[in-house]
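Here's the structure, in C-alpha cells; my notes come after.
The values are calculated or read from the model by the stated rules, or taken from the named source; none is laboratory data. Everything numeric here is computed off the predicted structure, so don't read it as measured data. Methodologically, a virtual Cβ is constructed for each residue, glycine included, from the backbone with ideal geometry; neighbour enumeration extends over all protein chains shown.
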Amino acid sequence: MFLYFVFGPLLLLAVHRSYYLITNYIAARKYGLPIIILPASSEEPWWMPLRPLFSWVESLPLGLGSWYLYTDMGWSTVDENRTALRLGENFVLCSPASNAIVTCYPPGLDRVIKGHKNWPQPGAQNRLFAFYGENIASTNGADWQRHRKITTSAFNERSMHQVWEESIKRARSLNFAGESVRTLGRIRSTFDVLAMHVLAIVGFGQEGTLKSIPPGHRQSLMDSLGFILKHILLTVVFHSLKAPDFLLPGVLRQLKLSVAEFKLYMEEIVLTHMRKAAKGRSESRSTSLLEAMVTANEAEKQQGQKLTGASSYLSESELYGNLFVFNLAGFETTASTMTFALSFLATYPEVQGWLIEEVDSYYSSSKDHEYSSIYPKLVRCLALMHETLRLASPAPLLVRTPTTPEEIPIITPTGEKTLTVNPGTLVGIHTYAAHLSPRWGSDSQQFNPKRFVSSISGEESLTVPEGGVFLPWLFGPRVCPGKKFSQVEFVAIIAQILSEYRIEPTMRDGESKDRARERMVGVVGDKFFNISAHLKRPEDGEVRFVRRDTK
Ligand code: HEM
C-alpha cells in the first residue's frame with residue numbers, strides 16, 4: 001500500500017512527462033535538425049533547485065548523462081561553441097516543456113533580433129525582475145515602446161560625462177597600492193562594489209545622501225540596493241514576504257528590510273523630482289538618470305496626452321520598476337566584464353603593453369582627463385572590452401518565441417533552408433557559438449583585442465563586425481540601452497588603473513612566469529553562468545598590481 005502511494009504518483013508523472021517529450025520530439029523531427037533530448041529543462045522552475053542532486057549523471061559511461069549540461073540556463077557559458085562545432089550552427093533542445101531551436105546562424109539571428117516585435121521574450125522569464133513595477137525589460141510591444149522612449153532619453157551625453165568622472169574617481173580609490181595582491185575572487189568583489197557605486201551615483205545623484213541614513217529610514221539607500229543586488233535570486237523568491245521578523249532567519253529579515261527601504265527611497269526621490277519637474281526645471285539641468293527620467297516623463301505626460309489622448313508616460317510604479325532594472329542590468333554585467341578583462345590583461349603582458357602605450361599617449365598625459373576629448377581616443381581600451389565580451393559574454397543565451405508562425409533561415413549540411421517556427425517553440429540566440437565561430441578566422445578561440453582595431457594613416461579606429469556574428473549588447477531596436485554607459489565606464493576604469501599599475505599573475509613556489517601565465521589561461525577559461533559569467537575557480541588565480549613608477 002505504502003509503495004503504491006509513493007510510486008503511483010511518480011509513475012503517473014513519468015507517463016505524463018514522457019507523453020509531452022514524445023509529442024515535442026515528433027514536432028522537432030520535422031525541423032530536420034540535430035536533436036538533443038532532455039528529461040527536464042531550465043525553463044521549468046522546479047528543476048533548478050533539484051538539478052544539483054543529479055550532477056552524478058555527468059560521470060555515467062557512454063555519454064549517457066551528457067544531457068545534464070543543457071538543463072542549466074547558462075549551459076552555453078560552459079559549452080562555448082563545442083556543441084555547435086559538433087552538430088552545426090542550429091540544433092534543437094527537446095524536453096517535455098518545449099522545443100528550443102538553438103542557433104548562431106547569422107541570417108537567422110538577424111531575422112529574430114531585428115524583427116523583435118514578432119519575436120518577444122517569453123513572458124515568464126522577463127517578468128521575474130518586475131517586483132518593483134513593470135519596466136523596459138519586462139514588457140513587449142506598445143508597452144515596451146513607452147518604457148523605452150522615456151527611459152533611454154535619460155542616457156544622454158551629460159550622463160555619460162558623469163559615468164566617466166565617477167568611474168575614474170572610483171577606480172582611483174581602489175587602493176591597489178595598499179592591497180597589491182588579490183585573488184580573482186577578490187577582484188570580482190572589488191568590481192561588484194565599484195559597479196554598484198557608479199550605477200547608484202549616476203542613477204540617483206549625490207554620493208553623500210546615498211550612504212547616510214536619513215530620518216524615517218533604518219538603512220542607507222546604498223546598503224538596501226547593495227543587499228538586493230547581491231541576493232537577487234533570493235529577492236525574486238521572497239520579495240513579498242509578509243511573515244513577522246521574529247519568525248525569519250537573519251538573511252530574510254535583512255532582505256525584507258532592504259526591499260521595503262529601497263522602495264521607500266524610490267518613492268521619496270521620485271516624488272521630489274516630480275515636484276521639481278512640475279515647477280518647470282529643464283532636463284539639461286538634471287543631475288541623475290532618475291531626475292532625467294522623471295523630467296522626460298513629466299514632459300511626456302503633458303505633451304503625449306494632448307496629442308493622442310492615450311497614456312504615453314510611465315506610472316510611478318513603472319518608474320520604480322525601471323530604476324531598479326537599470327541597476328540590476330548594469331551591475332553584474334559590468335563587474336563580470338571588468339573581472340575577465342583584468343584576468344586577461346594579467347595573462348597577456350604584450351596586450352597590456354599595447355594598451356599602456358595608448359593610455360600614456362592620451363590619458364596619463366592629460367591633466368583634466370576630459371571625457372569628450374579623451375574617451376574617443378581610447379580605442380584600444382574599448383577593443384579590450386569587445387574582445388573580453390566576445391570570449392566571456394555575461395549574456396550567453398537569449399530566448400525568444402514568435403507570437404504567430406514565423407520563418408527563420410537556418411543552415412544545414414545541404415545549404416540554407418527556411419523553418420517555420422510556431423508560437424510556443426523557443427529560439428535560443430547562442431551568443432557564445434556566434435562569438436567563437438570559425439567565421440572569425442583560425443584564431444577565433446584566442447584572446448586578441450587587436451582584431452577590433454583598424455588603422456588608416458596611423459589613425460586607429462574600432463572596427464566591429466555587424467549583425468549576428470557579434471552581439472554582446474544585442475543589436476537592433478532592443479539593443480542594450482546601457483551599451484554606451486558600460487563602454488564609458490569600462491574604458492575609464494581600465495585607463496585609470498593602467499595609468500598607475502601593471503598587472504601580473506603571482507607565481508607559486510618554484511613556478512616560472514610562463515607557467516604562472518599558463519595556469520591563468522586555465523583559470524580564465526573555466527567559467528559558469530549565474531546571472532552573469534563567473535570564474536569557476538577564482539581563488540586559483542591571483543594577480544599583483546605593480547606601481548608603474550617603481551619599476
Ligand atoms: C558589459 C555590460 C553590458 C552588457 C554586455 C549588456 C548586455 C545586454 C544584453 C545582451 C541585453 C539584451 C537582453 C535581451 O534582450 O534578452 C541587455 C538589455 C538591457 N540592458 Fe544591458 N548590458 C550591459 C550593461 C548595461 C548597463 C550598464 C545598463 C544600465 C545602466 C544596462 C541596462 C539594460 C537594460 C535596461 C536592458 C533591457 C532593454 C530592453 O529590454 O529594451 N545594461 N543588455
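Output the strands (runs of 3 or more DSSP E) that fall wholly within region 354-440 and possess 1 or more residues being within 15 Å of the ligand (Cβ to nearest atom), or say none. Spell out how you get there, then give the answer.
On the way: elements: 397-400, 406-412, 415-421, 426-430.
Fully inside region 354-440 and qualifying: 397-400, 426-430.
Suppose the filter is closer than 30 Å to Ala28 by Cα, more than 10 Å from the ligand (Cβ to nearest atom) and either without any contact (Cβ under 8 Å) to a residue 24 or more places away in the chain or not in a loop (DSSP other than H, G, I, E, B) (or both); does Ala142 pass it?
Numbers: closer than 30 Å to Ala28 by Cα: no; more than 10 Å from the ligand (Cβ to nearest atom): yes; either without any contact (Cβ under 8 Å) to a residue 24 or more places away in the chain or not in a loop (DSSP other than H, G, I, E, B) (or both): yes.
So Ala142 fails the test.
Per-residue answers, yes or no, for (1) part of a helix (DSSP H, G or I); (2) polar (S, T, N, Q):
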{"residue": "Asp223", "(1), (2)": "yes, no"}
{"residue": "Ser240", "(1), (2)": "no, yes"}
{"residue": "Ala243", "(1), (2)": "no, no"}
{"residue": "Leu257", "(1), (2)": "yes, no"}
{"residue": "Glu261", "(1), (2)": "yes, no"}
{"residue": "Leu264", "(1), (2)": "yes, no"}
{"residue": "Ile269", "(1), (2)": "yes, no"}
{"residue": "Ala277", "(1), (2)": "yes, no"}
{"residue": "Met293", "(1), (2)": "yes, no"}
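Among the residues of region 322-341, is there at least one that is away from the ligand (no atom under 13 Å from the Cβ) and crowded, with 19+ Cβ neighbours inside 10 Å?
no
Could you pull out the residue among Ile213, Ile136 that is among the β-branched types (Val, Ile, Thr), over 23 Å from the mean Cα position of the chain (by Cα) and in a loop (DSSP other than H, G, I, E, B)? Give the steps one after another, and end with the answer.
Working: Ile136 fails: over 23 Å from the mean Cα position of the chain (by Cα).
Going through Ile213, Ile136 in turn, just one is among the β-branched types (Val, Ile, Thr), over 23 Å from the mean Cα position of the chain (by Cα) and in a loop (DSSP other than H, G, I, E, B): Ile213.
Only residues in region 469-484 that are at positive phi and assigned by TED's automatic domain parsing to the domain that holds Gly203 count as the first member; pair them with residues that are β-branched (Val, Ile, Thr) and more than 6 Å from the ligand (Cβ to nearest atom), Cβ under 7 angstrom, at least 6 apart or cross-chain, and list the lot.
What qualifies is Leu474/Ile113; Gly476/Ile113.
Within region 107-127, restricting attention to residues that are surrounded by 15 or more Cβ atoms within 10 Å (Cβ to Cβ) and of a type in the set (A, V, I, L, M, F, W, C), which residue is nearest to Glu318 (Cα to Cα)?
Among those that are surrounded by 15 or more Cβ atoms within 10 Å (Cβ to Cβ) and of a type in the set (A, V, I, L, M, F, W, C), it is Trp119.
Kindly list, by first and then second residue, each pair from a residue in region 118-138 that is without any contact (Cβ under 8 Å) to a residue 12 or more places away in the chain to a residue that is within 13 Å of the ligand (Cβ to nearest atom) and assigned to a loop (DSSP other than H, G, I, E, B), limited to pairs with Cβ atoms under 6 Å and residues at least 6 apart or on different chains.
Cβ pairs passing all conditions: Arg127/Ser138.
May I ask you to list the residues in region 342-353 that are within 16 Å of the ligand (Cβ to nearest atom) and out of contact with any strand residue (DSSP E or B) (no Cβ under 9 Å at 6 or more places or on another chain)?
Phe344 - this is the single residue of region 342-353 that is within 16 Å of the ligand (Cβ to nearest atom) and out of contact with any strand residue (DSSP E or B) (no Cβ under 9 Å at 6 or more places or on another chain).
Of the residues that sit in region 148-167 and are assigned to a loop (DSSP other than H, G, I, E, B) and surrounded by fewer than 21 Cβ atoms within 10 Å (Cβ to Cβ), which one is nearest to the ligand (Cβ to nearest atom)?
Quick first cut of region 148-167, residues assigned to a loop (DSSP other than H, G, I, E, B) only: 153-156.
Still in the running and surrounded by fewer than 21 Cβ atoms within 10 Å (Cβ to Cβ): 153, 155-156.
Numbers: Ser153: 13, Phe155: 8, Asn156: 13 Å.
Looking at residues that are assigned to a loop (DSSP other than H, G, I, E, B) and surrounded by fewer than 21 Cβ atoms within 10 Å (Cβ to Cβ), I get Phe155.
Can you tell which of Pro61, Pro49 is under 24 Å from the mean Cα position of the chain (by Cα), exposed (fewer than 13 other Cβ atoms within 10 Å of the Cβ) and outside the structural domain of Val469 (by TED's automatic domain parsing)?
Details: Pro61 fails: under 24 Å from the mean Cα position of the chain (by Cα).
The conditions single out Pro49.
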